[in-house]
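Here is the structure we will look at.
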Amino acid sequence: MSRNVPQKATGTPGVTGYGRGHRRRTGRGPAATGRRAARLRQRSDAEGTVSTVSTRRTADRGRSFVAGRPPAARDVPAARRFDPLGPVRPLPQPGCDVYLTGTVFLDIVFTGLDSAPVRGTESWARGMGSSPGGIANMATALARLGLRTSLAAAFGDDMYGDYCREVLEHGEHIDLSLSHTVPGWHSPVTVSMAYEGERTMISHGHEAPPKNAATAYDPDAPECPPPAAACVSSLVPDGPQEWITTAARRGSRIFADVGWDETGRWDLSALAELEQCEAFLPNAAEAMRYTRTDCPRAAAHALAEHVPLAVVTMGADGAYAVDGGTGETAQVPGIAVEALDTTGAGDVFVAGFVTGSLAGWPLADRLAFAGLTAALSVQEFGGSLSAPDWPQIAAWWRHGAGRGLADRGRFAFLDRILTACTPSAPPRRAVPTLGFRSPAGG
């Protein structure tokens, strides 16, 4: 997810919302400028289906994260989590539901800024949070939706790396058995400043040194990718990722998005693994450039000639999808919310769509659910730790804003899905420090 692309507006007058402009990429490249940087980050934001009404700047909102939550309340055993795939899981089951690989960043997010920082001055933010970022955004969103998630990534042996590993493995129950710690390598870091619906980001990091044949990035290593129902990736122009072909050959369903083409060619043939994908989820600007069309819907239909399912996100206008096999189309509008921090919203959208796809939901339900999860995420700090879980989704539907929707029928499918979902402790959220120490004896 490179950060050198202009932010794109969502369509709300005066507000940009979460355009999928500045984003991090998957892969092995360094956290630097230019094309190699585009391969380092999994995307952390996307032009999706949230219409951002305003950015909250209250001091109380910022202070709500200072106390954090008691460590004992943070970890909910995976066995007790709501499983959306329970009714459809095959026997025997694959090793995991979703596999993904990429770079984990430590994200430090400042919110509640009145304006962009001015050279030579000091700015005070009314809110702050820190959380794992980069590919961790997608992994956490998937895990919080109940999918057994396997992440292959490199971790630094510094405090940042230890914190990210602890949060992902023990707090979010993500399988990191294919990940590894690199001695002497410091974790990549991004500082994000959010104001008026915009974000300014500064990142620093170096490419993780290569590992032996068991490395998470070695496509020939027999254990990587592992058996998985699905894999999620971000395609890179002229950047082949052989592991995707390996995973598809083993029967994994491939879901992919794409980043900004810094070459300016916008050539679909440069996306080597597109033919392996079941679903391709670009934003409107990317889709229209790749298809040489001037309409997101026309772009979706054109993409459906190259991939079984094309999903184009359209900012405040929602999302539009075309099933190339059946000819089915679906469109859902955006959800108007007040956004605190848009980091990671695009990853949450994709995670919601993948969840609905693996669960076998109708296309329109998948689009609506993906937009809802993204909308809930932008109302919290941070990328990965802003992702909603099922109790939060259930609370929205049963007791919250969902009751006020004029088109409540759009989410009626949640009544059927949420029958087995019970309340639980709130999920971990981003806090101003890397995490608080456990109380004595805790």
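Couple of notes before you dig in:
- Number of positions in the stretch 90-131 that are closer than 30 Å to residue 178 by Cβ and either basic (Lys, Arg) or touching an Asp or Glu at 6+ places or on another chain (Cβ under 7 Å) (or both): 4
- Residue within the stretch 168-182 that is outside any helix (DSSP H, G or I), of a type outside the set (Gly, Ala, Ser), touching a His at 6+ places or on another chain (Cβ under 9 Å) and surrounded by 14 or more Cβ atoms within 10 Å (Cβ to Cβ) present: no
- Apart from one condition, residue 332 fits all of (1) at positive phi; (2) in contact with a Ser or Thr (Cβ under 8 Å, 6 or more places away or on another chain); the exception is (1).
- The residues of the stretch 108-164 that are of a type in the set (D, E, K, R) and part of a helix (DSSP H, G or I), listed by number, are 144, 162.
- Among the residues of the stretch 286-325, those that are farther than 17 Å from residue 346 by Cβ, part of a loop (DSSP other than H, G, I, E, B) and not charged (D, E, K, R) comprise 293, 295, 304, 306, 307, 308, 324, 325.
- Test: residue in the stretch 327-337 that is in contact with a Lys or Arg (Cβ under 7 Å, 6 or more places away or on another chain) and without any contact (Cβ under 8 Å) to a residue 60 or more places away in the chain: no
- So residue 257, is it at pLDDT below 95 and in contact with a Gly (Cβ under 9 Å, 6 or more places away or on another chain): yes
- In the set 326, 293, 313, only one residue is surrounded by 19 or more Cβ atoms within 10 Å (Cβ to Cβ) and β-branched (Val, Ile, Thr); that residue is 313.
- The stretch 332-362, subset closer than 25 Å to residue 87 by Cα and of a type in the set (A, V, I, L, M), residue surrounded by the most Cβ atoms within 10 Å (Cβ to Cβ): 348
- Restricting attention to the stretch 236-267, the residues that are among the β-branched types (Val, Ile, Thr) and closer than 18 Å to residue 311 by Cα total 3.
A quick yes/no check of all residues on (1) modelled with pLDDT under 90; (2) in contact with a helix residue (DSSP H, G or I) (Cβ under 6 Å, 6 or more places away or on another chain); (3) among the small types (Gly, Ala, Ser); (4) over 30 Å from residue 251 (Cβ atoms):
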residue	(1), (2), (3), (4)
355	no, no, no, no
360	no, yes, yes, no
370	no, yes, yes, no
373	no, yes, no, no
386	yes, yes, yes, yes
390	no, no, no, no
404	yes, no, yes, yes
417	yes, no, no, no
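The values are calculated or read from the model by the stated rules, or taken from the named source; none is laboratory data. All values reported here derive from a predicted model rather than from experimental measurement. Here Cβ is always computed from backbone atoms with ideal geometry, including for glycine, and neighbour counts include all displayed protein chains.
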